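The values are calculated or read from the model by the stated rules, or taken from the named source; none is laboratory data. Just so we're clear, the structure is a prediction, and the values are computed from it rather than from any experiment. Positions of Cβ are generated from backbone atoms using ideal geometry, with glycine treated the same way; all protein chains shown enter the neighbour counts.
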Amino acid sequence: MPDPIARIVRWREEARAAGVKDPEAMALATATPDGVPSVRIVLCRGEDARGLWFFTNYQSRKGAELAANPRASACFYFSPLERQVRVEGIVELLDPADSDAYFATRPRGAQLGAWASPQSRPIGSLDEVHAVADAMASRFEGKDVPRPPFWGGYRLVAHAVEFWEGRPSRLHERERWERDGDGWRLTRLAP
């Protein structure tokens, strides 16, 4: 059975082999309950049969938007390969054990930064954040840094995946895969 998630992984690996910088970078679009969109680049840090994983502060703008409106879409663009992948779906929290496991792989500075940054909220100066990071470094000196309770992972549960490949004369190849029960249904789209 065709698996669009496995194809995304393969395309990212091919992009990495072709020298694409940060092939795990994806534009993630969220929206407020009123439909006001917001997009930013996040890193896809894993995947499973259901969708793509990313991690952030739950209290960030994206976290607040996802709590109020769990619909999102993501887009990978691999320019040198003339490839793009769009993913649409519902976002859910990852299991805390998955968030803990990923957090443990992060560099110590990034772990301390997760504790220090009130992501997306106003600050007086960056010095304030550095002071909190220094305090966290002292607090956890000689110890593993635990994952903050306000930080963790999300899964973008893929309901639709579109693959785009550039072709001459702008007659691009487009395939849209949509969930159909336990499988996927393919629709070819005009360029």
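Residue 10 fulfils the conditions (1) surrounded by fewer than 14 Cβ atoms within 10 Å (Cβ to Cβ); (2) touching a residue at least 12 places away in the same chain (Cβ under 8 Å); (3) within 24 Å of residue 185 (Cα to Cα); (4) charged (D, E, K, R) except for a single criterion, (2). Taking the criterion of being among the basic types (Lys, Arg) and closer than 21 Å to residue 60 by Cα, the residues of segment 109-150 that qualify are 121, 147. Hey, any hits in segment 33-55 for a residue that's modelled with pLDDT under 95, touching an Asp or Glu at 6+ places or on another chain (Cβ under 9 Å) and more than 29 Å from residue 174 (Cα to Cα)? Yes, that holds for at least one residue.
Taking the conditions (1) at positive phi; (2) touching a Leu at 6+ places or on another chain (Cβ under 8 Å) in turn, residue 170 satisfies each one other than (2). Could you please let me know if residue 20 is touching a strand residue (DSSP E or B) at 6+ places or on another chain (Cβ under 6 Å) and at negative phi? Taking the combined requirement at face value, the residue satisfies it. Considering segment 80-124, the residues that are among the acidic types (Asp, Glu) and touching a residue at least 40 places away in the same chain (Cβ under 8 Å) include one that is nearest to residue 48 (Cα to Cα), namely 98. Residue 129 satisfies every condition listed in (1) part of a helix (DSSP H, G or I); (2) among the β-branched types (Val, Ile, Thr); (3) surrounded by fewer than 14 Cβ atoms within 10 Å (Cβ to Cβ) except (3). Across segment 69-93, the qualifying residues are those that are crowded, with 19+ Cβ neighbours inside 10 Å, touching a helix residue (DSSP H, G or I) at 6+ places or on another chain (Cβ under 8 Å) and aliphatic (A, V, I, L, M), and the one among them that is nearest to residue 7 (Cα to Cα) is 85.
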